[in-house]
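Quick notes on the structure that follows.
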Amino acid sequence: MNTSHNKAHEAFKITGDWKEQSKQLKEKFSQLKDSDLALEKGKENELLGRLENKLSKSREEVIKILNNTQLS
């Protein structure tokens, strides 16, 4: 059974130093602004939605990008 599809729809949590991660994202994606990366506790899904729209990527792609940023 493939559970990767289901995981994408679970609540996404940001781990680590978001300030540093958002800085890395702005360097990698010049179209992102501070307002796009604003993160309020418990509102990670809103952040995902903004990034999906701004980067023209799917939710799964955005989560993968964020996960990669959290690891570096």
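With respect to ASN68, is the statement that it is of a type outside the set (Val, Ile, Thr) and either part of a loop (DSSP other than H, G, I, E, B) or more than 12 Å from LYS13 (Cα to Cα) (or both) true?
So ASN68 passes the test.
Considering each of LYS26, LYS7 in turn, give the residue that is at pLDDT 95 or above and in a helix (DSSP H, G or I).
Sole residue among the options that is at pLDDT 95 or above and in a helix (DSSP H, G or I): LYS26.
Pairs, please: C-beta under 9 Å, at least 6 apart or cross-chain, first residue among the polar types (S, T, N, Q) and in the stretch 48-62, second assigned to a loop (DSSP other than H, G, I, E, B) and at pLDDT 95 or above?
ASN53/ASP36
Can you name the residue in the stretch 29-65 that is in a helix (DSSP H, G or I) and of a type in the set (S, T, N, Q) and, of all such residues, is farthest from LYS19 (Cα to Cα)?
Going through the qualifying residues, I end up with ASN53.
The values are calculated or read from the model by the stated rules, or taken from the named source; none is laboratory data. Quick caveat, the model's predicted, so the values are computed rather than measured. In this analysis, Cβ positions are derived from the backbone assuming ideal geometry, glycine residues included, and neighbour counts consider all displayed protein chains.
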